[in-house]
1. List the residues whose amide H sits under 5 Å from the amide H of G225, counting only those 5 or more places along or on another chain, with H placed 1.01 Å from N in the peptide plane.
2. If you add up the charges near R4, with Lys and Arg at +1 and Asp and Glu at -1, over every other residue whose beta carbon is less than 11 angstrom from its beta carbon, what do you get?
3. Comparing Y181, Y404, Y212, which has the greatest mean-square fluctuation in the GNM of the chain with Cα pairs linked when under 10 Å apart?
4. Once you have the Cα-Cα distance between F414 and E178, take 0.36 nm times their residue separation minus that, and quote the gain in nm to one decimal.
5. Can you compute the charge dipole magnitude of the chain about its Cα centre, using +1 on each Lys and Arg Cβ and -1 on each Asp and Glu Cβ, nothing else charged? Give it in debye, rounded to the nearest 20.
6. With a 10 Å cut-off between alpha carbons and a GNM built on the chain, which of L423, L137, L169 moves the most?
7. What is the set of long-range amide H partners of F347 at a cut-off below 5 Å, with H atoms built 1.01 Å from backbone N?
8. Please state the Cα pair-distance histogram of the range 348-425 with 10 angstrom bins from zero: what percent is in each bin?
Amino acid sequence: MLNRVDLRGVTDLRGALPRPVSTAEPPLAAVRAILDDVRARGDDALREYTERFDGVALDDLRVPPRELEQALGAIPDPVREAITAAHDAIRDFHQAQLHPERIYERDGVVVRERAVPVDRAGLYVPGGRGAYPSTVLMTAVPARVAGVPELVLCVPPDRERGAVAEVTLAAAALAGVEEVYAVGGAQAIAAMAYGTESIRPVDVIAGPGNVYVALAKQEVAGIVGVPSAFAGPSEIVVVADDSTPVELAAIDLIVQAEHGPDGAAWLITWSEPAAEAIDRAVARLVEVAPRRAEIESTLRTGGHLALVDDAEQAIELANLIAPEHLQLMSSDPDRLVPLVRHAGAVFCGSFAPASVGDYLAGPSHVLPTAGTARFASALTVGDFLKQLHVISLDRAAFEKVAPYVQTLAEIEGFDAHARSILLRTTAPAGEGAP
């Protein structure tokens with residue numbers, strides 16, 4: 001079922017690492033055309049793309065705020081309890097990331113570091129294949145905890161209902177999102193970045209999506225902030241040994257593969273019996289899976305079984321892959337954690353599947369993919385905050401640093417910088433002095 005690669009005895013893992021082979025070029029030209037069109041035609045372009053891509057004709061792109069509260073009251077009690085439990089876990093985790101104003105002092109130079117939220121955050125939630133209230137919570141709650149006053153949510157409308165899914169609206173209401181627009185795809189990213197008649201531009205855009213959405217976010221980065229690197233198709237690496245429960249490892253490989261095409265699912269092990277047993281279990285489970293087509297599409301090109309020499313080589317390989325999710329399901333996962341350098345999130349043991357992280361552990365499930373975990377992290381409160389530094393000096397502190405500042409300004413050729421120091425050093429006390 002999985003594409004086998006034997007890396008035992010291989011010293012150059014990077015050179016031996018199979019890479020996804022895509023026969024299609026990334027649709028960058030199409031994405032740029034959509035961005036330009038929305039920038040030029042605004043709401044008219046959004047309505048046209050929504051009808052073309054989602055099969056829904058809309059007059060009003062915004063979901064009336066009353067429908068959000070109505071949705072929260074209308075969903076079944078077990079669903080409301082589940083999204084409330086998830087909301088509370090995510091909120092509590094992210095609140096722990098907040099810090100009071102920090103003050104640094106050295107030789108009388110005082111720097112206060114203040115965390116200031118952006119004014120307006122744009123949140124993208126996928127649609128099309130289903131409703132994803134968890135992604136609403138995983139994007140909106142960190143932004144709300146950061147103190148962002150205005151949250152904007154864009155989500156494709158459901159083709160059959162002709163509207164945004166009720167459970168998605170319920171999650172938005174629970175998270176305190178008031179602006180929801182039935183707009184998806186690259187056109188939603190364009191609307192939030194540039195603004196249209198209906199949608200005012202935002203400062204930060206967060207949330208996962210398909211390749212069109214991911215490319216669109218890359219294109220508008222710089223116009224708006226785009227945290228969490230490349231949040232694209234889902235990925236998982238499972239590290240297993242003879243102690244790993246076979247069925248659990250197999251189902252966890254399938255968990256991320258069922259998201260659909262272009263993802264990746266890796267099994268890495270130094271046990272050939274474990275490799276054989278887990279591979280057979282994957283095949284059995286795929287045969288009866290409701291989303292069999294999506295899973296097979298992912299595993300056909302992105303499913304790999306790697307045999308390695310030992311646990312250390314397994315983590316070396318995992319670091320090269322830099323996966324969105326890394327599950328350490330071997331006998332002593334805590335021993336391996338210090339070796340992990342590149343992963344969006346790490347899950348230890350047989351009772352910590354990535355699915356818990358997807359919904360209820362607390363950290364956001366908006367994670368870096370496509371190898372960007374080498375330099376990026378999960379979406380956090382910090383992605384919606386700016387660090388503002390407030391600097392103060394009294395005259396005594398100024399006189400201590402003045403010679404150094406003046407010297408550095410002079411050797412860099414900035415006369416006005418140097419004079420700004422000189423004028424203060426020659427000014428009588430009380431004139432032009434802090």
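1. Here V204, I205 satisfy the definition.
2. Summing Lys and Arg as +1 and Asp and Glu as -1 gives -4.
3. For the chain, modelled as a Gaussian network with Cα springs under 10 Å, the answer is Y404.
4. Numbers: separation 236, 0.36 × 236 = 84.96 nm, distance 4.94 nm.
Going from the current span to full extension adds 80.0 nm.
5. In debye, rounded to 20, the chain gives about 680.
6. L423
7. Residues meeting the amide H criterion: L326, Q327, L328.
8. 14, 24, 15, 13, 17, 14, 2
None of the figures in this text is laboratory data; all of them are computed from the coordinates on show. No experiment lies behind these values; they were computed from the predicted model shown. Every residue, glycine among them, receives a Cβ derived from its backbone with ideal geometry; neighbour counts consider all protein chains shown.
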